[in-house]
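Read the figures in this text as sums done on the coordinates, not as results from a lab. What you are looking at is a predicted structure, and each value in this text was computed from that prediction instead of being measured. Cβ sites come from the backbone with ideal geometry, for glycine too, and all protein chains shown count toward neighbours.
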Amino acid sequence: MSNERRHQDDLNDPLVSRAYRDLSDERTPEHLDHVVLNEARKAAKPGYLRTISWLRPAAWVMTIGLCLAIVLEISNIAPTNQSGLIAPTEVEQKSPAAVLAPPATGGMDAPTAKAKSSDAPRSDDARAEKQEGFSEAEQDQPDEGVGLFELRMLEEVPAASPEPVKAKRQEAAVVEIDSFDQDDRQLLRDAENRARLQTSGDQEAVESLTQFAPTIGLASDVALERYCEESETADPHLWLACILELEQQGLLEAAKTERDLLRESFPAADGLSPMPRRTIPGD
Amino acid sequence: MTAARTLVPATAVVALSNSVGVAYAPRMELKPQDSALMLRYRDGDVSAFELLYRRHNDALYRYLLRLCRNPAAAEDVFQEVWGKIIKTRDNYRPTAKFTTFLYHVAYNCFIDHVRRNKRHANPVDIEPDSQPDSGEQPDMLTERSLARRRLETALETLPDEQRDVFLLHEEAGLSLDQIASITGCKHETAKSRLRYAVRKLRAAIDEPPEIT
């Protein structure tokens, strides 16, 4: 017992402890305190972020979500562009207005353009090329019942008021028609006829025309060209025969259009009698 | 509110707790625990760290000063210790007493320092003149100075292990188990080292002053 007590005294000697405490009065140097406390302050600066510990993962999740949303949006837009929309440059290249409009005169006035166009050698092949370009452009055109020529016109005027649009469109057409030669006029007339047929809602006429055409898109072009070609429209008798034939086939609207054109071209054609008509090719 | 608390005697609190049947603590803990302060600092409260630092800085400095026996080295290790405490605050878990944690870090830093710089390469005596003047009589100062010298000499002559254990016991106020945990020895070994250290220091203090 006394041995154990002596051991405890050995471990906790109050005299030694007091002597050590009395003599150990060293203090931490001031500069050391400053260094340590400054370090602690610097380290604790972004502490406010640590209190909201969920902020960082939440920010990551939001960023990833946003990126995914953008990617999905872009992937939805891209197919629409490919399938539904035509690049404007493409339309411009194939536009019949580009064919019908005064050739790239670079600022030339109408008579100059006309002179230039009449100087150029004209042939059926060239005209066929023009027609082909026209038809292709119309094929590319979405089926909205309006020809590209009219689209071009509509683009040039504001779409707010329909009546002024129509008037303006007619004016523009007249101006352009006057500046063209006979071939161009014919092309323009054909285009107008097609546009009328499509916009008048006479789907039956269009559909009946398609039976003669290898493709749907070319139907109206082929029908008009077949019955009222340039050789026919040059002679009022032949033209009248063509019109009668159209009426017999039930293409009343087309016949009416042709008759109007005939009256326009030959005002005295009302009293004419039709010449015997040639057989329809392919019948 | 705090003043009212301090004015209530502990016996009254105990009597109140007995009469009401509520287990009131007989001694009110007004000072926040070290662990709580460290957790507050982990959450960004710098003032908590300052409080914690003021509690332990002097004892830790003296501990390192006695271990290193060189003020410059002690300052380096001291700064390194607190730097580690600051850096590891995010991983701090109050599983043990903060003092144990602090002196564990200090002991390891000291060991690293010794390995780096070859321990006791240049031991420097701590000059009594460098200590603050307490305004005592010259003969008392002389006696204190002599006692300091004797104690320091005795501490220096102690084996490293015994000195480590004694300093941890006196400066940090750690128990033998905690000391054993820090120094990596058994409880009995720590106890034995402490006993030898205290005996030798007692002998040095009791030793009559040399007549020169």
Inset, instruction - Inspect the range B:153-162 for any residue being in a helix (DSSP H, G or I), within 9 Å of chain A (Cβ to nearest Cβ) and over 30 Å from B:ARG54 (Cα atoms) and give the result as yes or no. - result: no
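For the structure I just gave you, tell me whether B:TYR63 is surrounded by 15 or more Cβ atoms within 10 Å (Cβ to Cβ), of a type in the set (Ser, Thr, Tyr) and within 12 Å of chain A (Cβ to nearest Cβ).
Yes.
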Inset, instruction - Give the range A:11-28 a look and list any residue that's within 29 Å of B:GLU188 (Cα to Cα), part of a loop (DSSP other than H, G, I, E, B) and facing chain B (nearest Cβ under 7 Å), or say none. - result: A:ASP13, A:SER24
Inset, instruction - Considering only the range A:29-43, state which residues are more than 7 Å from chain B (Cβ to nearest Cβ) and either surrounded by 18 or more Cβ atoms within 10 Å (Cβ to Cβ) or over 19 Å from B:ALA73 (Cα atoms) (or both). - result: A:ASN38, A:LYS42
Inset, instruction - Working only within the range B:155-212, note down all residues that are surrounded by fewer than 16 Cβ atoms within 10 Å (Cβ to Cβ) and touching a residue at least 60 places away in the same chain (Cβ under 8 Å). - result: B:GLU156, B:GLY173, B:PRO209
